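A quick write-up on the structure given underneath.
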Amino acid sequence: MAEKITKSELLELLNTLEPKIKKSLWNTRFQDQEDLEQDIKVKILESYEKIADIKVPNFEQFLGDYLSNEKKKS
(Lines give C-alpha, C1' and ligand atoms only; values in the text may rest on other atoms or scores of the structure.)
Protein backbone atom coordinates (compact mmCIF):
# COMPACT_ATOMS: atom_id res chain seq x y z
CA MET A 1 0.00 0.00 0.00
CA ALA A 2 1.27 3.47 -0.84
CA GLU A 3 2.33 5.73 2.01
CA LYS A 4 0.70 9.07 2.65
CA ILE A 5 2.71 12.00 1.41
CA THR A 6 4.49 14.14 3.95
CA LYS A 7 3.48 17.64 4.96
CA SER A 8 6.39 19.09 3.01
CA GLU A 9 5.31 17.18 -0.10
CA LEU A 10 1.76 18.43 0.37
CA LEU A 11 3.03 22.02 0.70
CA GLU A 12 5.13 21.50 -2.43
CA LEU A 13 1.99 20.33 -4.24
CA LEU A 14 0.13 23.48 -3.15
CA ASN A 15 3.07 25.62 -4.28
CA THR A 16 3.08 23.86 -7.64
CA LEU A 17 -0.65 24.52 -8.06
CA GLU A 18 -0.46 28.13 -6.90
CA PRO A 19 0.05 29.71 -10.37
CA LYS A 20 -2.99 27.84 -11.69
CA ILE A 21 -5.04 28.83 -8.64
CA LYS A 22 -4.07 32.49 -9.03
CA LYS A 23 -4.82 32.41 -12.74
CA SER A 24 -8.26 30.96 -12.08
CA LEU A 25 -8.97 33.84 -9.68
CA TRP A 26 -8.43 36.58 -12.29
CA ASN A 27 -12.14 36.63 -13.05
CA THR A 28 -13.10 37.37 -9.46
CA ARG A 29 -13.10 40.69 -7.67
CA PHE A 30 -9.71 41.65 -6.27
CA GLN A 31 -11.00 41.90 -2.68
CA ASP A 32 -12.32 38.31 -2.87
CA GLN A 33 -9.25 36.69 -4.41
CA GLU A 34 -7.28 36.06 -1.23
CA ASP A 35 -10.23 34.44 0.56
CA LEU A 36 -11.04 32.29 -2.46
CA GLU A 37 -7.42 31.24 -2.81
CA GLN A 38 -7.41 30.06 0.81
CA ASP A 39 -10.72 28.23 0.29
CA ILE A 40 -9.34 26.44 -2.78
CA LYS A 41 -6.23 25.36 -0.89
CA VAL A 42 -8.33 24.08 2.02
CA LYS A 43 -10.49 22.08 -0.43
CA ILE A 44 -7.35 20.57 -1.98
CA LEU A 45 -6.13 19.50 1.47
CA GLU A 46 -9.55 18.10 2.42
CA SER A 47 -9.72 16.20 -0.86
CA TYR A 48 -6.29 14.72 -0.29
CA GLU A 49 -7.32 13.52 3.18
CA LYS A 50 -10.36 11.79 1.70
CA ILE A 51 -8.55 10.03 -1.13
CA ALA A 52 -5.49 9.13 0.96
CA ASP A 53 -7.64 6.81 3.08
CA ILE A 54 -9.11 4.93 0.12
CA LYS A 55 -7.80 1.41 -0.08
CA VAL A 56 -7.00 0.66 -3.71
CA PRO A 57 -6.49 -2.97 -4.72
CA ASN A 58 -3.38 -3.97 -6.63
CA PHE A 59 -3.79 -5.37 -10.13
CA GLU A 60 -3.99 -9.03 -9.04
CA GLN A 61 -6.68 -8.22 -6.46
CA PHE A 62 -8.63 -6.18 -8.97
CA LEU A 63 -8.43 -8.89 -11.61
CA GLY A 64 -9.43 -11.60 -9.12
CA ASP A 65 -12.45 -9.57 -7.98
CA TYR A 66 -13.45 -8.87 -11.57
CA LEU A 67 -13.19 -12.51 -12.62
CA SER A 68 -15.14 -13.75 -9.60
CA ASN A 69 -17.88 -11.19 -10.31
CA GLU A 70 -18.01 -12.34 -13.93
CA LYS A 71 -18.39 -15.97 -12.81
CA LYS A 72 -21.29 -14.97 -10.54
CA LYS A 73 -23.06 -13.29 -13.49
CA SER A 74 -22.85 -16.48 -15.62
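The values are calculated or read from the model by the stated rules, or taken from the named source; none is laboratory data. For clarity, every value in this text was computed on a predicted model and none was experimentally measured. Here the Cβ is made from the backbone with ideal geometry for all residues, glycine too, and neighbour counts use every protein chain on show. The accessibility values were calculated without ligands, DNA or RNA, using every heavy atom of the protein model including side chains. Shrake-Rupley method; radii C 1.70, N 1.55, O 1.52, S 1.80 Å.
General observations
Each row is one residue, and each column tells you yes or no for (1) open to solvent by 60 Å² or more (accessible area, probe 1.4 Å); (2) assigned to a helix (DSSP H, G or I).
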residue: 19; (1), (2): yes, yes
residue: 22; (1), (2): yes, yes
residue: 26; (1), (2): yes, no
residue: 32; (1), (2): no, yes
residue: 36; (1), (2): yes, yes
residue: 39; (1), (2): yes, yes
residue: 44; (1), (2): no, yes
residue: 49; (1), (2): yes, yes
residue: 56; (1), (2): yes, no
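- Across region 1-10, the qualifying residues are those that are loosely packed, with under 11 Cβ neighbours inside 10 Å and part of a helix (DSSP H, G or I), and the one among them that is modelled with the lowest pLDDT is 7.
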